[in-house]
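Written below as structure tokens is the structure these notes are about.
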Amino acid sequence: MATPETVESLKTEVKRLNRELRAFVAVAQQHGLRDYCATRHPKLTAELEKYYAHSQLRAHQKYDRVLTRIRDVSGLQGAAGDTAERTYYRNEQDNVAYIEHALKNKRFVLGGIWVAPQYRGKGVAHKILRVLVEASDEADLSIELYHEPFGEEGLGVNALVAFYNRHGFTRHDAVPGGMVRFPRSPLDLYTDK
């Protein structure tokens, strides 16, 4: 007859093995072994697929909330572009700026901020990015960033990196060749709103 300590030890070991199996099946599914997983662990595979589908749905909902919010930048009128991959900003006279964006890997991907030459150096990009950062924080959505200078009159690479650093973006292994800003970054404590 098993002692209470042995029973408890076995239960703990079974829980650990189930966690490891769950992780293995999740990774295997991500690497194209769905059929293998479904054959050997159909219940677990179905559960993980349901979770993943719900996770994707939540990411789209968060992205939509951020898109709605970033149209509201002080002094500018924001509007979605025809392809929904750009948001355009204008004041009463001119087209002032636009941002390129998408949802990828459950992150808001910022392709860049373009500001019309006559409005550069006046805080337009800062205001737009500030609203984006706040909206992403509220939605609990990370921002992935791939930036390159727009023409010769724009900021250079080092100045762009410094600009985005001031808004909580950092280089990270999660975004090779780009930058990322996770929600509610401690770096935000040091930026002006």
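Brief remarks on what is shown
- Filtering segment 157-193 to residues that are part of a loop (DSSP other than H, G, I, E, B), farther than 19 Å from residue 134 by Cα and either aliphatic (A, V, I, L, M) or modelled with pLDDT of 90 or more (or both) leaves 174, 175.
- Test: residue in segment 81-92 that is open to solvent by 50 Å² or more (accessible area, probe 1.4 Å), closer than 26 Å to residue 55 by Cβ and touching a residue at least 40 places away in the same chain (Cβ under 8 Å): no
- When the strands (runs of 3 or more DSSP E) confined to segment 58-134 are screened for residues that are within 21 Å of residue 168 (Cβ to Cβ), of a type in the set (Gly, Ala, Ser) and touching a strand residue (DSSP E or B) at 6+ places or on another chain (Cβ under 7 Å), those reaching at least 1 such residues are found at 95-104, 107-115.
- Flag if residue 100 is open to solvent by 50 Å² or more (accessible area, probe 1.4 Å) and farther than 16 Å from residue 164 by Cα: no
- Conditions (1) at pLDDT below 90; (2) surrounded by 12 or more Cβ atoms within 10 Å (Cβ to Cβ); number of the one not met by residue 73: (1)
- Failed criterion for residue 112 (all others in (1) open to solvent by 80 Å² or more (accessible area, probe 1.4 Å); (2) modelled with pLDDT under 90; (3) not aliphatic (A, V, I, L, M) hold): (1)
- Scanning segment 1-53 for residues that are farther than 29 Å from residue 105 by Cβ and among the small types (Gly, Ala, Ser) yields 2, 9.
The values are calculated or read from the model by the stated rules, or taken from the named source; none is laboratory data. All figures in this text were calculated on a predicted structure; none of them were measured in a lab. Counting neighbours? That spans all protein chains shown, and the Cβs are built from the backbone with ideal geometry, glycine included. Side chains included, ligands, DNA and RNA excluded: accessible areas come from the protein's heavy atoms. Shrake-Rupley method; radii C 1.70, N 1.55, O 1.52, S 1.80 Å.
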